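Beneath this line is the structure, given in structure tokens, with notes to follow.
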Amino acid sequence: MPDVQSTVLEFVNKLRKRKIEGSQATARYTVELLRSVISQQRVPHANQASALIDAVKAVGEQLIAANPVELAVGNVVRRVLHIIREEDLSLTTAAMGGLDLLDASDDDEDDKSRGIGYPAMSAAVVAAAARSTLRPPSLQTLLEGTPESATVPYTSSSGADSESKTADKSSITRKLKHDVIEGVNQLIQEIAGCHEQIAEQAVEHIHQNEVILTLGSSRTVLEFLCAAKEKKRSFRVFVAEGAPRYQGHLLAKELVARGLQTTVITDSAVFAMISRVNMVIIGAHAVMANGGVIGPVGVNMAALAAKKHAVPFVVLAGSHKLCPLYPHNPEVLLNELRSPSELLDFGEFSDCLDFGAGSGSPLLQVVNPTFDYVPPNLVSLFITDTGGHNPSYMYRLIADYYSADDLVMNGDK
């Protein structure tokens, strides 16, 4: 796969150089790349699922190692692996059911002569049933249903049983790759539409004349607040500026451009202003399996202020941000340090950065973390593209999207 391999290396370099940042951007690029890997992967007649899993894991480990702090990359890789395992199980179940029906038809000639047939479930039906059990169904799945062309017709000719069985097994083997790509396409649509799915729930949570506090810049939060305004909700937004990158300034400009009443405050003023706030709404970088949240730096301070004043602390997160790992796992990188130049002017502080006599290190050190961690006991509600959930339910929701065999990958280590 020369073309795919060059694309993989290009994406790895972009991740290492931080040219692609943000959960949705990295998730979208990752899933589209894995779709190309699957479509161009040559698979043997037998053990197709194993070949696809090995190919996806090989690429996924490279992507995870390139930028471990972008947890959405690992989440998407594990989601695709889960899709492969799920579709393989569905088709295997359908194949076993089809063979059982053919065997039973040999012993029931009288039933056939009376016109009694045995309905054969197609692989698509079994896969849809498995998906509805293992993870919440998408709106597209509910509307489309199962095409009639996916059903396997019942063959009443007992003279061609062996040929029919062989043909059924061959067609099911060829169908796995097609179904996996369909599942990945559905995942791509899910990632692309997560903002709209979350924003549709805004009117249920934001009420008239409320004051909302948020921190930093998040497109999910922006669409959520604007959706409430479109439903004729009148409210004010306090935006903590999100120093030192001041991403809150960008969000404030977007909110004002959409016609929302907005007030910019410093991060240190959160405790002073929280008593006037009805709800804190933030976007998440990742949601861990225990319900803890990785968000922009300073968000833990806002969560503590909300807890102190009994203000609901609401987290918005698409399903691609749900991480099956726990924050104490050694393979989880919760944070990274950014350049000190975002905090200090090197020219102005050059004398402070001189090395001390005999110490071997500068007298002044600068620490500029990117993220903060919020424990689950400080979170009131999660709003995802599948609805609102309590922190205690997140582990169950996350378990629906991943397989236990794929939790730890070599790229995490």
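Out of curiosity, is residue 47 in contact with a strand residue (DSSP E or B) (Cβ under 7 Å, 6 or more places away or on another chain) and either at pLDDT 95 or above or surrounded by fewer than 18 Cβ atoms within 10 Å (Cβ to Cβ) (or both)?
Considered against the rule, which asks whether it is in contact with a strand residue (DSSP E or B) (Cβ under 7 Å, 6 or more places away or on another chain) and either at pLDDT 95 or above or surrounded by fewer than 18 Cβ atoms within 10 Å (Cβ to Cβ) (or both), residue 47 comes out as no.
Collect the residues in the range 267-297 that are more than 28 Å from residue 345 (Cα to Cα), crowded, with 19+ Cβ neighbours inside 10 Å and over 29 Å from the mean Cα position of the chain (by Cα), keeping them in residue-number order.
274, 277
What are the residues in the range 277-287 that are part of a loop (DSSP other than H, G, I, E, B), among the hydrophobic types (A, V, I, L, M, F, W, C) and either at pLDDT below 95 or within 9 Å of residue 321 (Cβ to Cβ) (or both), if any?
Listed by number, the list holds a single entry, 284.
Quick one: count up the residues across the range 50-78 that are under 22 Å from residue 195 (Cα atoms) and open to solvent by 10 Å² or more (accessible area, probe 1.4 Å).
Number satisfying all stated conditions: 2.
For the range 216-247, give me each residue that is part of a loop (DSSP other than H, G, I, E, B) and either in contact with a Cys (Cβ under 9 Å, 6 or more places away or on another chain) or closer than 24 Å to residue 269 by Cβ (or both).
Within the range 216-247, 216, 217, 218, 234, 235, 241, 242, 243, 244, 245, 246 meet the criteria.
Can you tell me how many residues within the range 322-351 are outside any loop (DSSP other than H, G, I, E, B) and among the acidic types (Asp, Glu)?
Of the residues in the range 322-351, 1 are outside any loop (DSSP other than H, G, I, E, B) and among the acidic types (Asp, Glu).
Assuming residue 300 fulfils every condition listed in (1) open to solvent by less than 60 Å² (accessible area, probe 1.4 Å); (2) free of Cβ contacts under 8 Å to residues at least 12 places away in the same chain; (3) of a type in the set (S, T, N, Q) apart from one, which condition is it?
The failed condition is (2).
Looking at the range 241-266 only, could you name the residues that are open to solvent by 30 Å² or more (accessible area, probe 1.4 Å) and in contact with a Gly (Cβ under 6 Å, 6 or more places away or on another chain)?
The answer is 241, 247.
Determine which single condition residue 310 fails, assuming it passes every other condition in (1) open to solvent by 20 Å² or more (accessible area, probe 1.4 Å); (2) touching a residue at least 40 places away in the same chain (Cβ under 8 Å).
So residue 310 meets the others, but not (2).
Does residue 101 fit the bill of being open to solvent by less than 50 Å² (accessible area, probe 1.4 Å), at pLDDT 95 or above, assigned to a helix (DSSP H, G or I) and not small (Gly, Ala, Ser)?
So residue 101 does not fit the description; no.
Within the set of pairs 6 or more residues apart or between chains, which connect a residue that is free of Cβ contacts under 8 Å to residues at least 12 places away in the same chain inside the range 361-383 to a residue that is assigned to a loop (DSSP other than H, G, I, E, B) and open to solvent by less than 40 Å² (accessible area, probe 1.4 Å) with Cβ atoms less than 6 Å apart?
Correct list of pairs: 363/356.
One line per residue, one yes/no per condition, for (1) within 23 Å of residue 391 (Cβ to Cβ); (2) among the polar types (S, T, N, Q):
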residue: 220; (1), (2): yes, yes
residue: 236; (1), (2): no, no
residue: 250; (1), (2): no, no
residue: 259; (1), (2): no, no
residue: 265; (1), (2): no, no
residue: 274; (1), (2): yes, no
residue: 280; (1), (2): yes, no
residue: 286; (1), (2): yes, no
residue: 290; (1), (2): yes, yes
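Being touching a Gly at 6+ places or on another chain (Cβ under 8 Å), at pLDDT below 90 and more than 25 Å from residue 21 (Cβ to Cβ) narrows it down to one of 362, 391, so name that one.
362
Just give me the residues in the range 375-405 being in a strand (DSSP E or B), of a type in the set (A, V, I, L, M) and open to solvent by less than 30 Å² (accessible area, probe 1.4 Å), in sequence order.
383, the sole residue that qualifies.
So residue 348 ticks every box in (1) open to solvent by 70 Å² or more (accessible area, probe 1.4 Å); (2) within 19 Å of the chain's Cα centre (by Cα) but one. Which box is left unticked?
Exception for residue 348: condition (2).
Restricting the search to the range 29-40, which residues are open to solvent by 40 Å² or more (accessible area, probe 1.4 Å) and either more than 15 Å from residue 73 (Cα to Cα) or among the acidic types (Asp, Glu) (or both)?
Across the range 29-40, the qualifying residues are 32, 36, 39, 40.
The values are calculated or read from the model by the stated rules, or taken from the named source; none is laboratory data. Treat the numbers as computed from the prediction; the structure is a model and nothing was measured. Note: ideal-geometry Cβ built from the backbone for every residue, glycine included; neighbour counts use all protein chains shown. The protein model used for the area step is the full one, side chains on, heavy atoms only, and it has no ligands, DNA or RNA in it. Shrake-Rupley method; radii C 1.70, N 1.55, O 1.52, S 1.80 Å.
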